[in-house]
1. For the range 12-24, name all the residues that are part of a loop (DSSP other than H, G, I, E, B) and in contact (Cβ under 8 Å) with a residue 60 or more places away in the chain.
2. Which of (1) at pLDDT 95 or above; (2) more than 21 Å from S114 (Cβ to Cβ) does G62 not meet, given it meets every other one?
3. Looking at R120 and the list (1) in contact with an Asp or Glu (Cβ under 9 Å, 6 or more places away or on another chain); (2) surrounded by fewer than 20 Cβ atoms within 10 Å (Cβ to Cβ); (3) closer than 27 Å to V48 by Cα; (4) touching a residue at least 40 places away in the same chain (Cβ under 8 Å), which single condition is not satisfied?
4. In the range 99-157, what residues are more than 13 Å from Q84 (Cβ to Cβ) and in a strand (DSSP E or B)?
5. Is it true that I94 is in the same structural domain as A139 (by TED's automatic domain parsing) and either within 27 Å of I151 (Cα to Cα) or surrounded by 12 or more Cβ atoms within 10 Å (Cβ to Cβ) (or both)?
Amino acid sequence: MAKNTICVWYDRDAEAAARFYAETFPDSAVGAVIRAPGDYPDGKQGDVLVVEFTVAGIPCVGLNGGPVFKHNEAFSFQISTEDQAETDRYWNAIVGNGGQESDCGWCKDRWGVSWQITPRVLMEAIAAGGAEAKRAFDAMMKMQKIDVAAIEAARRG
């Protein structure tokens, strides 16, 4: 286990979520699946308790802690994409697997975890500052999934 790991709370589906992430994103994998050594408030001995996994190179732990805590947008995975095809692939995988669209490149997976599918050109446009950044930002504010061509057009004015 890495010294610093992101712990993501799930109701009962940490292993399914980890396997989906590993199938969807490069440099992702499922590691150890640890079963509960005894009964606990939301599970029984032998249930999957913890799943070690990596998402796009970031070490994570999925904890099947039960329904007490819910995900919200205060935490999200931000995935940088190179082009529209990569943006579409990740967005469609998340939304098409029981997820939900949101605004400005955000979506939620079927477990309620928030994702930002963020084309590199968007971040470059915003970092450029000035009128170029404002145009790109204003264009983004009208989008759900980010449209790379529209961001590029907004940059040019």
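The values are calculated or read from the model by the stated rules, or taken from the named source; none is laboratory data. Note that this is a predicted model, so its numbers are computed, not measured. When we count neighbours, we look across all protein chains shown, and the Cβ atoms used for this are built from the backbone with ideal geometry, even at glycine.
1. Taking the range 12-24 first, the residues part of a loop (DSSP other than H, G, I, E, B) are 12-13.
Scanning the range 12-24 gives a single hit, D13.
2. Among (1) at pLDDT 95 or above; (2) more than 21 Å from S114 (Cβ to Cβ), G62 violates only (2).
3. R120 satisfies every listed condition except (3).
4. Within the range 99-157, Q100, E101, W106, C107, K108, S114, W115, Q116 meet the criteria.
5. yes
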